[in-house]
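Below you'll find the structure, written out as structure tokens, and then a few comments.
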Amino acid sequence: MKFFVDTADVQAIAELNDLGMVDGVTTNPSLILKSGRNIVEVTREICALVSGPVSAEVVALKSPDMIAEGRKLADIAPNIVVKVPLTWDGLKTCKVLSKDGIKVNVTLCFSANQALIAAKAGATFISPFIGRLDDINMDGLELISDIRIIYDNYEYPTEILAASVRSANHVSQCALIGADVVTAPPAVIKALASHPLTDRGLEQFMADWAKTGQKIL
Ligand code: E4P
């Protein structure tokens, strides 16, 4: 499974990238706001750092404007993926840009039918939002599972990019279901390495080692 980092924080991306943990990056208008940076400048910097796909989101709501914004974003670097919302205009934009060879990530997906129609519009990635569904007492992971079945039934090449990932448990569940990609905030990716028994075991080993009075170096 591929790991994308869900942030526009260049330093956080660089840190994970040095460990080989970054297969791509996703951003959105809220993450750009959080970064305090200009969208074109920060996206260019991220694209220079990461060789994998970097999603940058359009903010227009009508397809002609979305297409123009998408082309401008795609010009930033060859690894840009244009992110469009799952609206009718977003789907039209997806079709046009995909035909031109520009990769598109269709975002704000909350149902299996939305995922189905995005695949038909030629999306490279579909982004179902797990956490936001869980927030309203629905089952985000069940949606990932349903989309996996539908895409496999008809061999759609659209990749399932599980988004709005809030916990390490979300990541392992997505891996079990067979999501192609998980995009997660840096803190969630770091949390994948944590286990209380690892901490307790290490504490015990250190205590016992001190009692031996030995040194390795
Ligand atoms: C990524 O593509 C999404 O925009 C992001 O995962 C949304 O996450 P949130 O629901 O935590 O804001």
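Observations, loosely collected:
- Taken over the range 50-68, the criterion of being open to solvent by 40 Å² or more (accessible area, probe 1.4 Å) and either within 16 Å of the ligand (Cβ to nearest atom) or in a strand (DSSP E or B) (or both) is satisfied by VAL59 alone.
- Any hit, the range 85-98, residues being within 13 Å of the ligand (Cβ to nearest atom) and not basic (Lys, Arg): yes
- Checking ARG37, ARG71 one by one, the residue that is out of contact with any Phe, Trp or Tyr (no Cβ under 8 Å at 6 or more places or on another chain) and either at positive phi or in a helix (DSSP H, G or I) (or both) is ARG71 and no other.
- Only one entry of ILE32, ILE46 meets the criterion of being in contact with a strand residue (DSSP E or B) (Cβ under 7 Å, 6 or more places away or on another chain), assigned to a helix (DSSP H, G or I) and within 14 Å of the ligand (Cβ to nearest atom), and that entry is ILE46.
The values are calculated or read from the model by the stated rules, or taken from the named source; none is laboratory data. Here the structure is a predicted model, which means the values were calculated and not measured. Positions of Cβ are generated from backbone atoms using ideal geometry, with glycine treated the same way; all protein chains shown enter the neighbour counts. Surface areas here come from the heavy atoms of the whole protein model, side chains and all, with no ligands, DNA or RNA. Shrake-Rupley method; radii C 1.70, N 1.55, O 1.52, S 1.80 Å.
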